[in-house]
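S.K.: Below you will find the structure I want to go over with you.
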Amino acid sequence: MKTFSDRLKHARLLRGHTQKALARLVRISQSAIGSYESGLRHSSRSARKLAQVLKVEVEWLETGKGPMELPMDGYDLSNTLPVSGVAESAPRPGGRPRPMAPWPYPNISPSQFESLTPEDRAMLEALTQTFIETTLLRRGIKPRGRKPG
């Protein structure tokens with residue numbers, strides 16, 4: 001992706017946001033998002049906030065240089081594991097909190113997931129965990145992770 005507008009649109013779609021939803025989260029107008037994506041505006045004074053909301057690196061969003069996302073150990077995954085028996089993530093040097101992990105599903109929006117009942121979410125998590133474990137076993141890799149409980 002060569003342009004800021006291409007990278008912005010790619011990240012927005014990857015995270016499952018509409019222009020309107022992204023604008024609301026960043027606190028700018030939907031027309032500003034549309035202008036950035038169409039190339040009418042070439043750079044954004046809101047790039048840092050856009051990157052934060054889209055969970056991408058600001059340098060990548062602005063210039064296309066560097067990785068789009070942090071390596072996985074750069075994210076705070078504390079809210080993705082059960083509370084019991086899980087150590088808290090170590091603080092980053094400089095005291096800055098780790099950004100939350102990016103949404104992993106390009107074809108399922110976070111709002112679709114949030115619309116599920118707690119029971120449906122638990123079932124989806126169990127299905128996903130079983131799928132991952134089965135796939136790893138087929139590859140000859142012993143699955144690591146949480147113990148049932």
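S.K.: Evaluate the stretch 71-78: report whether one residue or more is farther than 30 Å from residue 41 by Cβ, modelled with pLDDT under 85, among the hydrophobic types (A, V, I, L, M, F, W, C) and part of a helix (DSSP H, G or I).
M.R.: Yes, because at least one residue in the stretch 71-78 is farther than 30 Å from residue 41 by Cβ, modelled with pLDDT under 85, among the hydrophobic types (A, V, I, L, M, F, W, C) and part of a helix (DSSP H, G or I).
S.K.: Given the criteria within 19 Å of residue 113 (Cα to Cα) and not charged (D, E, K, R), does residue 21 qualify?
M.R.: yes
S.K.: Looking at this structure, is residue 35 surrounded by 15 or more Cβ atoms within 10 Å (Cβ to Cβ) and polar (S, T, N, Q)?
M.R.: yes
The values are calculated or read from the model by the stated rules, or taken from the named source; none is laboratory data. Everything numeric here is computed off the predicted structure, so don't read it as measured data. For neighbour counting, all protein chains shown are included, and Cβ atoms are generated from backbone atoms with ideal geometry for every residue, glycine included.
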